[in-house]
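I'd like to ask some things about the structure below.
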Amino acid sequence: MHDKEKDLISAFLRGSVDRRGLLKGLGTMGITAATAGTLMNMMSTNAQAADFDWKKHSGKSLKLLLNKHPYADAMIANLQNFKDLTGIDVKYDVFPEDVYFDKVTAALSSGSTEYDAFMTGAYMTWTYGPAGWITDLKEWINDPEKTNPNYAWNDFLPGVKNSCAWNGIPGGALGSEDAKQWCIPWAFEQNNITYNREMFDKAGVQVPGNIDEMIATSAKLQKDIGGIYGIGVRGSRSWATIHPGFLSGYANFNQKDLNVSADGKLSAAMNTAESKAYHTKWVQMIQESGPKDWSTYTWYQVGTDLGAGASAMIFDADCLGYFMNGGDNKMAGKLSYAAFTANPEAKASTPNIWIWSLAMSNFSKDKDATWYFLQWASGPEHALFGATKMDFVDPVRQSIWKDEMFREKLNKKYPGYVEMFDASAAGASIKFTPQPLFFDVTTEWASTLQKMVAKEVPIDEGLDQLAQSIDRQLKEAGLG
Amino acid sequence: MTTLELRNIVKRYKTNTVLDDLSLDVANGETLVLFGPSGAGKTVLLRLVAGVIDPDEGKILIGGEDMTDVDAEHRGIGMAFQNFALFPHMSAHDNIASPLTATRSSADAIKSGVGKVAKLLKIDHVLSHHPKALSNGQKQRTALARALAGSPPLLLLDDPLRNVDAKLRFEMRLELPRLLASQGATVVYVTQDYKEAMALGDRIAVMANGKIRQIGTPEEIYNAPADIGIASLFGDPTINLLDVTPQKDIEGVYVEISKVRVALPGMPDSVAGQSCVIGIRPESISFAKDTAKGAVPIEVEAETPLNEKTVTLVLTVGKREVLVSRPAGTPGPVSGPAHIVIDGRTAFLFDKASGALIRKAGTAQQGVAA
Amino acid sequence: MLPYVLSLPALLVCIGILIPFVTAVIYSFQRYRLSQPWSRQFNWGENYYNFLFNDPGFWNTLKISLLYAGITVTLELLLGLGIALLLQKRSRVNNFISIMLLLPLMIAPALAALMWKLMTNPGFGILSYLANQVGLQNFRWASSPDTALLTVVLVDIWVYTPFIMILLLAGLRSLPTQPFEAAALDGVPRTFVFFRITLPMLTPYILTATLFRLLDSIQQFDIIYAMTQGGPGNALTVFQVEAYLNFFQSTNVGRSAALMVILWAITYLLSNIFIKNWLRLRERARGEA
Amino acid sequence: METTSTLEKSLRFLALSLVVIFFMFPIFWIFLMSFQTNETILQIPPSIVFTPTLSNYAALITGKLTTSAGTLDIAFMRNLGNSVFLSVTSVALSLVLGVPAAYAFARHKFRGSEDIAFTLLSFRFAPPLLVLLPLTQYFQWLGLSDTYFGLIWVYQLICLPLILWIVRGYFEDISADVEYAYRIAGHSWFATFRKIALPLAGPGIAAAGLLAFIFAWNNFVFALVLASADKQPVTVGALAFVTSSGIQYGQIASAIVLSVTPTLALALYAQRYLVEGLSLGAVKG
């Protein structure tokens, strides 16, 4: 490496040159952005090594359990840097998403010492944490001996960070004082609108501003374009149906899944008048403009349809829309993004979020070494690498969102994405009440929605039955 | 050659006793025929001797040696099965060779051994065929050849002629005694055919319900059947059985058939007044003029030629059916009323209640009535 | 001695599996949620009690499972028998067709279901397109409560009929020829031959095929879960789907184990009946031979 | 047999055609999909006209999969190898264990034999999920998790009962006298088993083995729960094409085609046994 380049990158890492300056400088030296990325990684590894004993656990070996996911691929692509930096060997098992969480549950419930760390969603830690399968990471984060000074825990988006922290008490607020940090957010997904610009232009419609407009716009799109349906949302009999668009809009009306009484008892909260009104609209929207076989839809069908031009928009994970705008998708390059505020009276959107995070197995044989990996994988350098070089959307660090190169990359290929993020990031958090019956409640909720859409049960009655059944199960579990 | 002794053999299947405290001796070089209806236990007995099933009680001695707990392959036995039991995936040659391969004979010894027995049984031209390609007769001969190939001292033949056609059976019945004699083996032969039993057996053991009812030479069994059952098993056409009550006068014991007196010389006086069954072989009855002594009036019902005999079904006055047999070619009435004469000397009397033979006074105890 | 020696290794291998089975039965008598480890305790069969008196979902599960098994096995049996009769004559073409018909069985049911889901997609699905062409404009396949069962049954039939077909075909071809020749000579009507000769002789085969199918069908998971995850509503929440969700998602081990112990009891009962009949029929067939 | 009328012939032909269409059309469609990209598969309305591509197969075989979210590494060929290894060894072990046991049940009506046979069958209907959780724990203790040995053991749950019960039928159909004859001829019990019983039940063993092979091949829950990624069978591997950035139908289709090939080859090879061989017994009385 030429010294000039080295100096320039070091300067950037010290913060004395901004990113644009760095790129300009490297550009004049005839170095492409790709090479720049590699250079930067090597340099940042050096920088990390400077102020912290990264080699403390050299010679040890870790094993990870990973989901087949772009985030895991980004990490694997960069993994050599970690090995060089720490001298720790890392092996990993990758399982398909369809069966990934089954694998995690099986491995953890048997107390397997095979894996030291694994990918998870925040909802899952509501089981894993109380079950004693994962470690509260606060102790490590707060220990300067064990955490490198550049880690910058405060750089994490607060809503996201807090969504991964829970005190373990059913109904306890996420991110409370006594909360345990069950996992470290890695990347997250806000649920907003991704739409097909061409179709919107052709039908002459605007991005909907609230749920009523969404119903009308979807219907108009479906009618005017022909051969497509208006809006893609999930509908399978699973928690996955509740947590994206549906709950984001629901929360925008200040509705909750469960009530927590003063003495800590939980009870169903989805049979309020407002909730019933929202459900009515949601069901109407699916009946009028949703996919015909909605009740089998999970993320990949929602995404596939948008990418193949079978639907005009989706109210789902932003990153799903992001991926559909590239690759061999027919509609690649034709998609745009927008935040969505379902409640006409709400000021901003309040997306519920899905957080891909990293957790430490309680059965890990060497937690300190594992923490080295976790802090590296969730550290600023890898985050930047993932965000700029790979498809690490949405990054969880505020600094990345301020990064010019990242914003530029998004703006060029993903119109509206940055604005969408900026508009809703503040309100983005997990809107569910953390409690161990999360999957029971959401599965039954999805099942009830299916019945309502199929007109097997009226909305009022369905929600009352749902609330009743959930109350019963909560009581049975000693929570209600 | 060897001897076979069975001592108090009991074999049960669940609650069903198939062999009930059965004992039997077969002498050196003897051919013993086990005869009886199906279900009598003959085949089970044979398999016990072969060693493929084990008795619940009792002992099996071969050549004086206790073989009860010895495995089948070490008993030195040759056996032919009723269904032939050829190995379907082996050629006739390999089938026949199987006792020889077991003793690890040399290839030449096997070849000549198989050739010899195949020639004896006239199947040397089909040795390369698989059982599927053999005719029924060839299969039967192959099965026999296989049993003989190892020159076993004890040969067990389980109704080997059962599944072949009449012509073949007739041929084999003539051929077998010579064949068995040439082997010089001790033979136990199972059959349901009384003619086979008579033709082949040095002695015949009659079995029924897991017991031996009678054992003796063919003549003894024919001439002094131990009970009604045995009497009706031997003889073709079957013996005539009529309910009678013997009476006695100064001339001796007699019975009345259609009010005609038939004398039973030699019968003990004690039978008089006892409920009995008289057994008369069809050949002991002949047609006669009405004037003949002891002529019994009858009505001729039907006539059937049967090989070398002619069998006539007649009805007595009391409408009892009686079979009459005469050598083919001799004249006799074809229909209508006629008369018959019954030879009381060759008739048997059985106790009606027990079915047991009532022996003539002074005759020696013949055979065993078990 | 010998028979014990022969069957012992197989038995030992299986007993290794019996131990976890017993453990699972113990779980089914516990209040046992992985997410609430502190509340784990023996609960005197409360899981079972709840099924009977507190849990409308359970009765639905029982009903759907039996219905599903009943429908699929009956239809597959009829269809499999029909196809076997069509292919009964020995010929190269028939042999080739019968092997090719095994193809659906060779595809993992979960993947087969994924493909069916695509083929019944209202937009891209060839089957939806064809249904449209013949006038079934609004046929919603697995996504409508009215047709979900039908659709999943259809996929089950597609996958598993070949299993029954191949067993029955082998059975048909092994029947002795004499009775049929005799019947043909006597000019006995063919329906009579079929019902009075073919069917009775084929019964042991039918029983075995049905038994294995029934056991698998009442435990169906792959196809149903991949097609509908038990939905829409609670239209297809069969035992295994419920137990799976209870175990892997809700981590309610006690309830999951209790559900499966009941499922096991049902299959135990059914197979007991079948095997008794099978043994009886075998014995009878042996007696006749 | 009586002669069949033309009408009946055409009806039979029609029925057979319908059967073939029903069972083969989805296969045919999957086969076509395996030569297409998502772009042509996801057309409205679906179309049979497309430019075939080998990219799916290339991706599977080279292990490089290009999606909208970049290039993914996939281990499909390794999965395929695992499936072959697991299925072959499991069925082989099942045969080694099951055939002698089947012979024992068929030939020796010993005390409790029916109960033992039934117990062995009952493992077939214990829902796999039921034993899975305790099994993972026991395997953990025994050090059997994540070993091929452990997996092959658990696969016996699928293979053994099937083989036991089908092969048993075949043994029972062999006339006992044939075996007696061989023993009386002077051969040991084992020689008789090897030279008489095994060859005669051969077709049945082959057929049962093939069916067991198919069921082992199609299983995935055991390997998923009990082993790490490098031991996963093709059924788990194929699910990798359901990616978070969309579902790769073309690759799934070609994965199905590739995964079916070994089984189909085996079935065609054993064709004689499958359609004729079962004829000796399977279930015959």
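The values are calculated or read from the model by the stated rules, or taken from the named source; none is laboratory data. None of these values were measured; they are calculated from a predicted model. Heads up, the Cβs are rebuilt from the backbone with ideal geometry, glycines too, and the neighbour counts pull from every protein chain shown.
Of everything in the range A:320-337 that's among the hydrophobic types (A, V, I, L, M, F, W, C) and surrounded by fewer than 24 Cβ atoms within 10 Å (Cβ to Cβ), which residue is nearest to A:Ile141 (Cα to Cα)? Full working, then the answer.
Taking the range A:320-337 first, the residues among the hydrophobic types (A, V, I, L, M, F, W, C) are A:320, A:323-324, A:331-332, A:335.
Checking the rest, the ones that are also surrounded by fewer than 24 Cβ atoms within 10 Å (Cβ to Cβ) come to A:331-332.
On the way: A:Met331: 43, A:Ala332: 41 Å.
Restricting to residues being among the hydrophobic types (A, V, I, L, M, F, W, C) and surrounded by fewer than 24 Cβ atoms within 10 Å (Cβ to Cβ), the top hit is A:Ala332.
Any chance you could count how many residues in the range A:187-226 are assigned to a loop (DSSP other than H, G, I, E, B) and in contact (Cβ under 8 Å) with a residue 40 or more places away in the chain?
In the first step, residues of the range A:187-226 are kept if they are assigned to a loop (DSSP other than H, G, I, E, B); the result is A:204-210, A:226.
With the extra rule that they be in contact (Cβ under 8 Å) with a residue 40 or more places away in the chain, the set shrinks to A:207-210.
Going through the range A:187-226 one residue at a time, the tally reaches 4.
Further question on the same structure: Specify the residue that is farthest from the other protein chains (Cβ to nearest Cβ); the eligible residues are those in the range C:185-219 that are under 22 Å from the mean Cα position of the chain (by Cα) and small (Gly, Ala, Ser).
Step by step, filter the range C:185-219, then rank; the result is C:Ser217.
Scan the helices (runs of 4 or more DSSP H) fully inside the range C:112-221 and keep the ones with 1 or more residues being closer than 27 Å to A:Asp305 by Cβ and in contact with a Phe, Trp or Tyr (Cβ under 9 Å, 6 or more places away or on another chain).
Once the helices (runs of 4 or more DSSP H) in the range C:112-221 are filtered for at least 1 residues that are closer than 27 Å to A:Asp305 by Cβ and in contact with a Phe, Trp or Tyr (Cβ under 9 Å, 6 or more places away or on another chain), what remains is C:126-133, C:148-174.
Going through B:Ala40, B:Ala85 one at a time, which residue ends up being more than 13 Å from every other protein chain (Cβ to nearest Cβ), in contact (Cβ under 8 Å) with a residue 24 or more places away in the chain and within 25 Å of the chain's Cα centre (by Cα)?
Within the list B:Ala40, B:Ala85, the selection yields B:Ala40.
Let me ask another. Give the residue that is modelled with the highest pLDDT, with candidates limited to residues of the range B:1-20 that are assigned to a strand (DSSP E or B) and loosely packed, with under 15 Cβ neighbours inside 10 Å.
In this case the residue turns out to be B:Asn8.
So which residues in the range A:294-308 are more than 7 Å from chain D (Cβ to nearest Cβ) and of a type outside the set (A, V, I, L, M, F, W, C)? I'd like the intermediate steps shown before the answer.
Quick first cut of the range A:294-308, residues more than 7 Å from chain D (Cβ to nearest Cβ) only: A:294-299, A:301-302, A:305-306.
Within the range A:294-308, A:Ser295, A:Thr296, A:Tyr297, A:Thr298, A:Gln301, A:Asp305 meet the criteria.
Looking for something crowded, with 24+ Cβ neighbours inside 10 Å, within 16 Å of C:Thr228 (Cβ to Cβ), touching a residue at least 40 places away in the same chain (Cβ under 8 Å) and hydrophobic (A, V, I, L, M, F, W, C) - is there at least one such residue anywhere in the range C:149-157?
Checked against the condition, which is being crowded, with 24+ Cβ neighbours inside 10 Å, within 16 Å of C:Thr228 (Cβ to Cβ), touching a residue at least 40 places away in the same chain (Cβ under 8 Å) and hydrophobic (A, V, I, L, M, F, W, C), the range C:149-157 yields at least one hit.
If a residue counts only when it is surrounded by fewer than 18 Cβ atoms within 10 Å (Cβ to Cβ), of a type in the set (Gly, Ala, Ser) and at pLDDT 80 or above, which helices (runs of 4 or more DSSP H) contained entirely in the range D:64-144 have at least 2 such residues?
It comes to D:76-107.
If you go through the range C:33-67, how many residues are in contact with a helix residue (DSSP H, G or I) (Cβ under 6 Å, 6 or more places away or on another chain) and more than 11 Å from chain A (Cβ to nearest Cβ)?
Adding up the residues that qualify gives 5.
Return the residues of the range B:140-187 that are basic (Lys, Arg), surrounded by fewer than 24 Cβ atoms within 10 Å (Cβ to Cβ) and touching a helix residue (DSSP H, G or I) at 6+ places or on another chain (Cβ under 6 Å); say none if nothing qualifies.
Within the range B:140-187, just B:Arg173 meets the criteria.
Take the range A:381-409 and flag every residue that is within 17 Å of A:Tyr337 (Cα to Cα) and more than 14 Å from the chain's Cα centre (by Cα).
Result: A:Trp401, A:Phe406, A:Arg407, A:Glu408, A:Lys409.
Now for a separate question. Restricting attention to the range B:204-256, report how many residues are surrounded by fewer than 17 Cβ atoms within 10 Å (Cβ to Cβ), touching a residue at least 12 places away in the same chain (Cβ under 8 Å) and acidic (Asp, Glu).
Count: 5.
Specify which of the listed residues (D:Arg194, D:Arg168) is within 14 Å of chain B (Cβ to nearest Cβ) and charged (D, E, K, R).
It is D:Arg194.
Just the residues that are assigned to a helix (DSSP H, G or I), facing chain C (nearest Cβ under 8 Å) and farther than 20 Å from C:Leu169 by Cα, please, taken from the range D:241-278.
D:Tyr249, D:Ile252, D:Ala253, D:Ala255, D:Ile256, D:Ser259, D:Val260
Among (1) facing another protein chain (nearest Cβ under 7 Å); (2) within 29 Å of A:Leu384 (Cα to Cα); (3) surrounded by 22 or more Cβ atoms within 10 Å (Cβ to Cβ), which single condition is A:Thr105 missing?
Against the list (1) facing another protein chain (nearest Cβ under 7 Å); (2) within 29 Å of A:Leu384 (Cα to Cα); (3) surrounded by 22 or more Cβ atoms within 10 Å (Cβ to Cβ), A:Thr105 comes up short only on (2).
Let me ask something else about it. Against the definition (within 8 Å of another protein chain (Cβ to nearest Cβ), surrounded by 16 or more Cβ atoms within 10 Å (Cβ to Cβ) and at pLDDT below 95), how does C:Leu118 come out, yes or no?
Values: within 8 Å of another protein chain (Cβ to nearest Cβ): yes; surrounded by 16 or more Cβ atoms within 10 Å (Cβ to Cβ): yes; at pLDDT below 95: yes.
Here the answer is yes, as C:Leu118 does meet what is asked.
Quick check on my filter: what residues within the range A:121-156 are in contact with a Phe, Trp or Tyr (Cβ under 7 Å, 6 or more places away or on another chain) and within 14 Å of chain D (Cβ to nearest Cβ)?
A:Gly121
Here's a follow-up. Name the single residue that is surrounded by the fewest Cβ atoms within 10 Å (Cβ to Cβ) among those in the range A:444-472 being part of a helix (DSSP H, G or I) and of a type in the set (Lys, Arg).
Of everything passing the filter in the range A:444-472, A:Arg472 is surrounded by the fewest Cβ atoms within 10 Å (Cβ to Cβ).
Quick one: which residue in B:Ser106, B:Ser135, B:Ser98, B:Ser112 is at pLDDT 90 or above and more than 14 Å from chain D (Cβ to nearest Cβ)?
On the way: B:Ser106 fails: at pLDDT 90 or above; B:Ser135 fails: at pLDDT 90 or above; B:Ser98 fails: more than 14 Å from chain D (Cβ to nearest Cβ).
None of the other options fit; the residue is B:Ser112.
Pick from the range C:47-67 the residues that are within 18 Å of A:Ala477 (Cα to Cα) and within 24 Å of the chain's Cα centre (by Cα): which of them is surrounded by the fewest Cβ atoms within 10 Å (Cβ to Cβ)?
C:Gly57
Looking at the range B:275-298 only, could you name the residues that are at pLDDT 90 or above and in a loop (DSSP other than H, G, I, E, B)?
Residues satisfying the conditions are B:Ser275, B:Arg281.
With the checklist (1) at the interface with another protein chain (Cβ under 8 Å from one of its Cβ atoms); (2) surrounded by fewer than 21 Cβ atoms within 10 Å (Cβ to Cβ); (3) within 15 Å of the chain's Cα centre (by Cα); (4) among the hydroxyl-bearing types (Ser, Thr, Tyr) in hand, flag the one item C:Thr161 doesn't pass.
Result: C:Thr161 fails condition (2) only.
Next question. Restricting to the range B:99-112, what's the tally of residues that are of a type in the set (Ser, Thr, Tyr) and under 13 Å from B:Leu127 (Cα atoms)?
1
Looking only at the range A:298-337, which residues are part of a loop (DSSP other than H, G, I, E, B), touching a helix residue (DSSP H, G or I) at 6+ places or on another chain (Cβ under 6 Å) and free of Cβ contacts under 8 Å to residues at least 40 places away in the same chain?
A:Asp328, A:Asn329, A:Lys330
Do the conditions hold for C:Lys89, that is, is it charged (D, E, K, R), more than 8 Å from chain D (Cβ to nearest Cβ) and touching a residue at least 60 places away in the same chain (Cβ under 8 Å)?
For C:Lys89, the condition - charged (D, E, K, R), more than 8 Å from chain D (Cβ to nearest Cβ) and touching a residue at least 60 places away in the same chain (Cβ under 8 Å) - is not met.
Then there's this: Can you tell me which residue is farthest from D:Leu129 (Cα to Cα) among those in the range C:236-289 that are outside any helix (DSSP H, G or I) and either among the hydroxyl-bearing types (Ser, Thr, Tyr) or more than 10 Å from chain D (Cβ to nearest Cβ) (or both)?
C:Leu236
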